[in-house]
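Student: Sharing a structure here in C-alpha cells format.
The values are calculated or read from the model by the stated rules, or taken from the named source; none is laboratory data. Quick caveat, the model's predicted, so the values are computed rather than measured. Cβ sites come from the backbone with ideal geometry, for glycine too, and all protein chains shown count toward neighbours. Areas reflect the complete protein model, heavy atoms only, side chains present, ligands, DNA and RNA absent. Shrake-Rupley method; radii C 1.70, N 1.55, O 1.52, S 1.80 Å.
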Amino acid sequence: MKFATKAIHAGIEPDPGTGAVMTPIFQTSTYAQSAPGVHHGYEYARTQNPTRSALEKNLAALENGVDAICFSSGLAAQDAVIKLLKAGDEVLAVNDLYGGSYRQMVRVWGNWGLKSRFVDMYNADNVAKEISPDTKLIWIETPTNPMLNIVDIQAVCAIARKHGIITCVDNTFASPYLQNPLDLGADIVLHSATKYIGGHSDVVHGCLIVKDAELAQRLHFIQNACGAVPGPQDCFLILRGIKTLHLRVQRACENAAAVAQYLANHPKVAKVHWPGFASHAGHEIAKRQMRMFGAMVSFDLKDNSMENATRVMSRTELFTLAESLGGVESLIGHPASMTHASIPREERLKVGLTDSLIRLSIGVEDADDLIADLEQAIG
Ligand SMILES: *Cc1c(COP(=O)(O)O)cnc(C)c1O
C-alpha cells in the first residue's frame, strides 16, 4: 500500500460490535472478564485501549515499522526511550536539538546518572570520533530545530550499528510523509504527534515506532510500567488528523518553498534557512532522504537587533505568534526566547541560533496571502 492509502486505511477496521466505520472513542478504564483472565484481549486501559491500538497500528504502517507505542506527549515518548538505558550510559545527541529534549536529558536524566553530549552530526564521520565506550544511544533530529540542518540518517545509523548502539530519530519536523528513518537504518522513530501528525493544534501526543518486535515489547513494558499513556479522545483526534496528513504536508511544503524563495530575495533579510535551497549544506542529503523539503523556514534579518525581530513578529496578522508547529495555520516564533529559552545563550550562539532568528511554521493557507503578510510585517 502507498502512503495516502495507508493514512486512511491502515489499522482501521469497522467496529466489530456496531459496524461504526470510524474507530470509536473507547472511554473506559477497564473491561469485563467472563471468568478471571478470560477477556477480549483488553484488561485495563493503561495497558491497552482499542482506540489507542488502532492508532498504533496506523502509525506503525506509516513509518514502515512492526509496532508503535503511543504516549501522552512527545517528551513522554523520549522519556520511555531513555528508560532503555541505565545510570552511567551516555547519549550522543545532535547539537541543535529541540529545547525540551535537551532539558529532559540534562536537567532530569542528568540527576539519574545519564551522560549526554551534544555533537556536530552534519558530518557523519564526526559521530564515529565522538563515540565512547559508554555511548548506548545516538539521538538524531533532522531537519533540526530551528536551524534546519540535515543529518545523514543512513550514514549515522550505519556507524551506530557497527558499535551496537541504538539509534532514535526524532522525525517530528519531517513527518512520516516526508521521511521514514526505519528504512534508513534507524531503530526507533519518535514523533511529537502534537505537530504534523495531529496537524490541527488541538492535542498533545507522542509516539515511538520500531521495526524490531523485541524492542517494541521492551517499550510497551516501559509504557505500561511508567504510565504516560494518551487518553482515547486524544488518540481519536490524532487518527482523524492522520487522514489528511499527506494532503496537508504536501501543501504546506509547496507554500514553504514559495515563502522561502520570497524571503531569500528580500532586501532586509540576511539569511534564510531551508533545506530546499541548492546552496543549503544539507541539500543533497535532504534530496536523498526526504520526499519534499519540509514546511519549516527560519531567517535572520539584516538589522539583527532583538528589537527589529520583535517588531516583525508582533506585526504579522495571519502568522500567529506562538510556540509549536505543524498545524494547518501558519505560526511565527522566536526560538531564543520561546522554544529554546532553556538552552544557555552561549550554546545557542555556537549553532547560529541568534537573538534575532525568526522561525516560521508554514500552514496550508494560500501562499500569496502568507507572503503579503510577511511583506507588510517586515516593511
Ligand atoms: C514539540 C517537539 C517535541 C516534544 O513534543 P511534545 O509533544 O511537546 O512533548 C520533541 N521534538 C520536537 C522536534 C518537537 O518539535
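Student: So is Phe221 more than 13 Å from the ligand (Cβ to nearest atom) and free of Cβ contacts under 8 Å to residues at least 12 places away in the same chain or not?
Tutor: Against the criterion (more than 13 Å from the ligand (Cβ to nearest atom) and free of Cβ contacts under 8 Å to residues at least 12 places away in the same chain), Phe221 qualifies.
Student: Now for a separate question. Just checking, does the range 91-108 include any residue being open to solvent by 10 Å² or more (accessible area, probe 1.4 Å) and either away from the ligand (no atom under 16 Å from the Cβ) or not assigned by TED's automatic domain parsing to the domain that holds Leu215 (or both)?
Tutor: First pass over the range 91-108, keeping only residues open to solvent by 10 Å² or more (accessible area, probe 1.4 Å): 95, 98, 102-104, 106-108.
Keeping just the survivors that are either away from the ligand (no atom under 16 Å from the Cβ) or not assigned by TED's automatic domain parsing to the domain that holds Leu215 (or both) gives none.
Checked against the condition, which is being open to solvent by 10 Å² or more (accessible area, probe 1.4 Å) and either away from the ligand (no atom under 16 Å from the Cβ) or not assigned by TED's automatic domain parsing to the domain that holds Leu215 (or both), the range 91-108 yields no hits at all.
For (1) under 30 Å from Leu247 (Cα atoms); (2) open to solvent by 30 Å² or more (accessible area, probe 1.4 Å); (3) in contact with a strand residue (DSSP E or B) (Cβ under 8 Å, 6 or more places away or on another chain), each residue gets a yes or a no:
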site: Thr5; (1), (2), (3): yes, yes, no
site: His9; (1), (2), (3): yes, yes, no
site: Thr23; (1), (2), (3): yes, no, no
site: Phe26; (1), (2), (3): yes, yes, no
site: Gly37; (1), (2), (3): no, yes, no
site: Pro50; (1), (2), (3): yes, no, no
site: Ser53; (1), (2), (3): yes, no, no
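Student: Restricting to the range 354-379, and then to whatever is assigned to a loop (DSSP other than H, G, I, E, B) and touching a Ser or Thr at 6+ places or on another chain (Cβ under 9 Å), can you tell me which residue is surrounded by the most Cβ atoms within 10 Å (Cβ to Cβ)?
Tutor: Ile362
Student: Take the range 65-90 and flag every residue that is assigned to a loop (DSSP other than H, G, I, E, B), near the ligand (Cβ under 9 Å from one of its atoms) and in contact with a Phe, Trp or Tyr (Cβ under 8 Å, 6 or more places away or on another chain).
Tutor: Residues satisfying the conditions do not exist here.
Student: Further question: Note down all Cβ pairs under 6 Å where the first residue falls in the range 59-87 and is assigned by TED's automatic domain parsing to the domain that holds Ile197 and under 21 Å from Leu97 (Cα atoms), the second is of a type in the set (Phe, Trp, Tyr) and within 16 Å of the ligand (Cβ to nearest atom), and they're at least six residues apart or on different chains.
Tutor: Correct list of pairs: Ala77/Phe71; Ile82/Trp109.
Student: Hey, can you tell me all the residues within the range 92-121 that are part of a loop (DSSP other than H, G, I, E, B) and either over 12 Å from Asp170 (Cβ atoms) or aliphatic (A, V, I, L, M) (or both)?
Tutor: Asn95, Leu97, Gly113, Leu114, Asp120, Met121 - these are the residues of the range 92-121 that are part of a loop (DSSP other than H, G, I, E, B) and either over 12 Å from Asp170 (Cβ atoms) or aliphatic (A, V, I, L, M) (or both).
Student: Here are some residues: Asp183, Asp202. Which one is surrounded by fewer than 22 Cβ atoms within 10 Å (Cβ to Cβ) and assigned to a loop (DSSP other than H, G, I, E, B)? It would help to see each step written out before you state the result.
Tutor: Details: Asp183 fails: assigned to a loop (DSSP other than H, G, I, E, B).
Among Asp183, Asp202, only Asp202 is surrounded by fewer than 22 Cβ atoms within 10 Å (Cβ to Cβ) and assigned to a loop (DSSP other than H, G, I, E, B).
Student: Which residue is modelled with the lowest pLDDT, if the candidates are limited to the range 131-149 and must be within 14 Å of the ligand (Cβ to nearest atom) and either part of a loop (DSSP other than H, G, I, E, B) or surrounded by fewer than 20 Cβ atoms within 10 Å (Cβ to Cβ) (or both)?
Tutor: Asn145
Student: Which of the following residues is of a type in the set (Asp, Glu), under 30 Å from Ser116 (Cα atoms) and more than 16 Å from the ligand (Cβ to nearest atom): Glu317, Glu347, Glu307, Glu323?
Tutor: Unique residue meeting the criteria: Glu347.
Student: Among the residues of the range 299-317, are any under 23 Å from Ser192 (Cβ atoms) and open to solvent by 50 Å² or more (accessible area, probe 1.4 Å)?
Tutor: The answer is no, given that none of the residues of the range 299-317 is under 23 Å from Ser192 (Cβ atoms) and open to solvent by 50 Å² or more (accessible area, probe 1.4 Å).
Student: What's the number of the condition Ala260 fails, among (1) in contact with a strand residue (DSSP E or B) (Cβ under 6 Å, 6 or more places away or on another chain); (2) assigned to a helix (DSSP H, G or I); (3) within 16 Å of the ligand (Cβ to nearest atom)?
Tutor: Going through (1) in contact with a strand residue (DSSP E or B) (Cβ under 6 Å, 6 or more places away or on another chain); (2) assigned to a helix (DSSP H, G or I); (3) within 16 Å of the ligand (Cβ to nearest atom) one by one, Ala260 breaks only (3).
Student: Suppose the filter is in contact with a Lys or Arg (Cβ under 7 Å, 6 or more places away or on another chain), open to solvent by less than 20 Å² (accessible area, probe 1.4 Å) and either basic (Lys, Arg) or not assigned by TED's automatic domain parsing to the domain that holds Ala45 (or both); does Ala336 pass it?
Tutor: Judged against the criteria, Ala336 is a match.
Student: If I ask for residues that are open to solvent by less than 50 Å² (accessible area, probe 1.4 Å) and within 30 Å of Arg359 (Cβ to Cβ), which ones from the range 119-130 would you list?
Tutor: Val119, Met121, Ala124, Asn126, Val127
Student: I'm told Leu331 meets every condition in (1) free of Cβ contacts under 8 Å to residues at least 60 places away in the same chain; (2) within 16 Å of the ligand (Cβ to nearest atom); (3) more than 15 Å from Val259 (Cα to Cα) except one. Can you identify the failing condition by its number?
Tutor: Only one criterion in (1) free of Cβ contacts under 8 Å to residues at least 60 places away in the same chain; (2) within 16 Å of the ligand (Cβ to nearest atom); (3) more than 15 Å from Val259 (Cα to Cα) is unmet by Leu331, namely (3).
Student: Just checking, which of Ala260, Ala295, Ala264, Ala286 is in contact with a helix residue (DSSP H, G or I) (Cβ under 9 Å, 6 or more places away or on another chain) and open to solvent by less than 60 Å² (accessible area, probe 1.4 Å)?
Tutor: The match here is Ala295.
Student: With respect to Met22, is the statement that it is hydrophobic (A, V, I, L, M, F, W, C), assigned by TED's automatic domain parsing to the domain that holds Gly227, more than 23 Å from Glu214 (Cα to Cα) and part of a helix (DSSP H, G or I) true? Please lay out each step first, then the result.
Tutor: Working: hydrophobic (A, V, I, L, M, F, W, C): yes; assigned by TED's automatic domain parsing to the domain that holds Gly227: yes; more than 23 Å from Glu214 (Cα to Cα): yes; part of a helix (DSSP H, G or I): no.
It is false that Met22 is hydrophobic (A, V, I, L, M, F, W, C), assigned by TED's automatic domain parsing to the domain that holds Gly227, more than 23 Å from Glu214 (Cα to Cα) and part of a helix (DSSP H, G or I).
Student: Among the residues of the range 186-193, is any more than 8 Å from the ligand (Cβ to nearest atom), closer than 23 Å to Val328 by Cβ and among the polar types (S, T, N, Q)?
Tutor: no
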